Structures are given as C-alpha cells and as structure tokens.
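**Student:** One structure, as structure tokens, below. Some questions next.
Values in this text are rule-based calculations from the coordinates and carry no lab data. Predicted model only: the values in this text are computed from it and were never measured. Positions of Cβ are generated from backbone atoms using ideal geometry, with glycine treated the same way; all protein chains shown enter the neighbour counts.
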Amino acid sequence: MEEIMTIDMNVLKEDLRQKGYKLTPQRRAIVDTIIEKEGEHLTAEEIYDEVKKNCPEIGLATVYRTILLLEELGVICKLDLNDGCSRYEIVHKDETHRHHHLICNKCKAVIEVQDDLLDEIEAVIEKSYEFKILDHSVRFFGLCEKCQSETK
C-alpha cells in the first residue's frame, strides 16, 4: 500500500508542477490527512484540525487554498451530504464513477456503497438522450440499521 501512495504522490507532484505549483510540506500533510482519514468525509475545518497536530504553523487559508487546488486536479472531490458543510474525500484513479453514499437522517452516519449499480440506467440515458455520462453522484437518505432498531 505504501508503494501505491508513493506513486500517487509522484503523479501529484507532476500535476502540480505542470500547473506551476510545488508539493510543499503543508500540501503533503493535507493530502496525507485526507488519505489517513479516508471514509470520514472531513470538512475543511476538520482537515485543518488534523493537519495542525503535525504542522502547527499551517493556516486555515492554506488548507482552503490547497483543497481547491486538489479538487481542481481531481485528487479529491467535494461531497454535499445535506448538512450545510462541504466535505472531501480522496478520488481513486481506478474509480470510473464516484461511489454512492447512504446518509442517516437521524444520527447523520455516512455509509459508502462501493458497488456501482447504475450501469444499465446510464446506458439507457446515453442512448435515449444522446448524452455521454462521465460521472455521477448518488446519495440516499434514510435511517441506518442502528436508528431503525431504536425506533422499533
């Protein structure tokens, strides 16, 4: 796993270089935090709080600027989980589409669905509307197993 992250960092370095940026220690710390906290769907402020533990001199503005840059490069993507906050997660190069999210209305738990079940629907849409789908984002809202059992 470490080798994959090293290769990804080299790709990231090159992507940044082509846009006139460098992979600074602060940017590296931000990317490392997002990788380490994968699946937690952190806000910019939560990323800042985590990065500050190992990089106390970092500013919140640097985190925001880096997040925007990483999003522009396709390294991370923004998630809207209907909680009023933008959240971020790493984009894996082998993903053809973003994975889906199940969001509990009661406890706000977020469960990732790794299977892409929309291939048939996409094929129908592409054919019917002559529209080439490049990506999609699906969120399901409801009650998680724990919250369902509490209401019984």
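**Student:** With charges only on Cβ, +1 for K and R and -1 for D and E, what is the dipole size of the chain about its Cα centre, in debye, rounded to 20?
**Tutor:** So the magnitude is around 620 debye.
**Student:** What is the count of Lys pairs in the chain whose alpha carbons sit under 19 Å apart, if the two are 8 or more places apart or on different chains?
**Tutor:** 13
**Student:** Taking the 0 to 90 degree range and rounding to the nearest ten, how far is the long axis of helix 2-18 tilted relative to the main principal axis of the chain, both from C-alpha atoms?
**Tutor:** 70
**Student:** For the chain, would you read off the P(r) tail past 20 Å as a percentage of all alpha carbon pairs?
**Tutor:** 58
**Student:** Enumerate the amide H contacts of LYS78 below 5 Å, restricted to partners 5 or more residues apart or on another chain; note that Pro and chain-start residues carry no placed amide H.
**Tutor:** Amide H neighbours of LYS78, under 5 Å, 5+ apart: none.
**Student:** Can you put VAL124, VAL113, VAL75, VAL63 in order of Cβ neighbours within 10 angstrom, beginning with the fewest?
**Tutor:** VAL124, VAL113, VAL75, VAL63
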